[in-house]
Structures are given as C-alpha cells and as structure tokens.
Amino acid sequence: MASAITTPNSRPCCEMQKKREMIVSYWHRALFNTKPIYISDIIPIIVAYSEDEICNLTYSMISILCKLQKLVVCQNTTHKMTKERFQKLIEWTDYDESRFSLLQQAWNDPIFHPFLSTPDATMKMQSEEAGTRQPFLVRLSNSCAGSMTVTRVVFNYGRSEKAVIHQRYFSSEEESGKIHIDVDHAEVTTNVSWNEFVQYIGERQCVRCWKVLDKFVVQLGCGHRFHAGCMEREGQFVPLYDSLYMQVQCNVCGEQTRIQRIFEHTASI
C-alpha cells in the first residue's frame, strides 16, 4: 500500500481546521442549548492560533455572536427570541462592535421594538388609543443594516385624520454606539447616544421638518414645539404679535389648541 505524502504544513492546517470546526460547534451549542456557552469557552482555542489572520477574524466574529447571545438570553427582556430574529440581529450588527453597543443601549427601552415590520409598526401606532399610545417607537430598519427607524403618528394639518410616518437614522461610523442626527438646516450632523437620541426625538425635534429645534420656536398649549418657519409654511402661523394665542391644531397629538409662546432657541442636543 502506498503511503500518504505529508507536507510540512499539512498537519498544522488540519489542526487549525479542526479548531475552526470546534468554534462553529460551540456557537451552535450556545444558540440552541439551554445552557449558555460564552466567549471564554473559546478563547483558549483561538489564542493558540492568534497569528493567523483568518483565525483573528473568526475570533472577532465569534465575539459579537456570543455577546448577542448573552444579550438575548441573559437579560430580562420582552423581546421573544427565535432563530430568525437572532439571524436578523446578526445581519443588523454585521459583526460590528459599534452597532452592537448601540443595540445593547436600546435593548430594554420600552419604546424599542426591534423586530417590527413597517406594516406592523404602522398598525400598532394606528390601533392604540391616543391616551395610551406611545408618542413614537424605534425599531431596527428592515432594509438598511445598522440603521434605526422611528415610527410615529402625526395629524394632517387642519384636518382630523392621522398619518403614520417613518424616519430612518443611521448609526455613526466615527463614534462607537452612537447615532447620526441633523443639528440644523445646513445638514450639519452630530453623533448622540441612545438616551440622547430618545430625548431628541421626544423633545428637541420639529416633527414637520425632522430637524433639531433652533432659531424661532413656537410652543403650543399642549406643550409640543415646532419651528416658526415650518408652521408659517403650513399657513398656521403668521410672525406677528397678534398671532400669539391664535387657534391651531397640533400635528403631534391632534389637539385644537393655541400658540402659547414664541421664543428663540439655540440648537443643542
């Protein structure tokens, strides 16, 4: 019988392949078994081959996978997890530490509904009563990995019917775990954390133009604020002193109310 020819590098390559297969098997156990397996179980395997670029890449990818697994398994959460949803988290983060950091910040926030589709988000906002409805919800974008979509109800100007609108925000590529937002009408952007983003959407954003409140701001009796210029373009505001206390309809809550005050606001996040 002819003996097999063994090259000097064949044995290490075979061993490395076995290690990689072991890493994959660890991940499958972590995903489908009831007992979690964390990155600490795999580190000794990877360290032995840390000089290999492919192995280093594998390590970084496995690290994100295990962090995702720990996030969805070990934290108290209302997000029901399935294999398909876990796959969506993998695709959304794309093995990026910055995206994972953003996801981790948002994960347990009541306004965060990561797995809603656009039709489901629209139906949710339309079906809830005004008194109990969240002012907006945030979900993972279904068409653009690494971005988030804000869904909220607005009222058409001068009419009672409501519409649901969706606005996409991109994660920052410069700062880890942060989101890009427009600061002013000159398309200047800044990067903010999850908590700052939620505060911006809820309190510091003009719903009519989706930009941060700056310059002259109109505050209605219901408490919602808009750019004076945006209300003027819609014919609901004339920049004169006698426009103060005029009757208008808020397109956030739909309430017929009055202009309470007009003031100059400096853009800030």
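Assorted remarks:
- Output for the stretch 89-115, where each listed residue is farther than 15 Å from S171 by Cα, among the aliphatic types (A, V, I, L, M) and without any contact (Cβ under 8 Å) to a residue 60 or more places away in the chain: I90
- Annotation: M123 fulfils all but one of (1) over 11 Å from the mean Cα position of the chain (by Cα); (2) more than 20 Å from R152 (Cβ to Cβ); the unmet one is (2).
- Taken across the stretch 126-149, residues that are open to solvent by 70 Å² or more (accessible area, probe 1.4 Å), modelled with pLDDT of 75 or more, within 26 Å of E97 (Cβ to Cβ) and not in a loop (DSSP other than H, G, I, E, B) do not occur at all.
- Looking across the stretch 229-254 at every residue that is open to solvent by 90 Å² or more (accessible area, probe 1.4 Å) and either closer than 22 Å to Q205 by Cβ or touching a His at 6+ places or on another chain (Cβ under 7 Å) (or both), the one that is modelled with the highest pLDDT is identified as E232.
- Subset of the stretch 70-88 [in contact (Cβ under 8 Å) with a residue 40 or more places away in the chain and open to solvent by less than 80 Å² (accessible area, probe 1.4 Å)]: F86, K88
- Note on the stretch 67-92: residues that are at pLDDT 85 or above and assigned to a helix (DSSP H, G or I) amount to 16.
- Scanning the stretch 89-108 for residues that are in contact with a strand residue (DSSP E or B) (Cβ under 8 Å, 6 or more places away or on another chain) and either among the basic types (K, R) or open to solvent by 30 Å² or more (accessible area, probe 1.4 Å) (or both) gives a single hit, R99.
- Restricting the stretch 198-208 to residues that are assigned to a loop (DSSP other than H, G, I, E, B) and open to solvent by 30 Å² or more (accessible area, probe 1.4 Å), the residue that is nearest to R152 (Cα to Cα) is R208.
The values are calculated or read from the model by the stated rules, or taken from the named source; none is laboratory data. The structure displayed is predicted, hence computed values, not measured ones. Ideal geometry is used to build each Cβ from the backbone, glycine not excepted, and the neighbour counts take in all protein chains shown. Please note that ligands, DNA and RNA were not included when accessible areas were found on the heavy atoms of the full protein model with its side chains. Shrake-Rupley method; radii C 1.70, N 1.55, O 1.52, S 1.80 Å.
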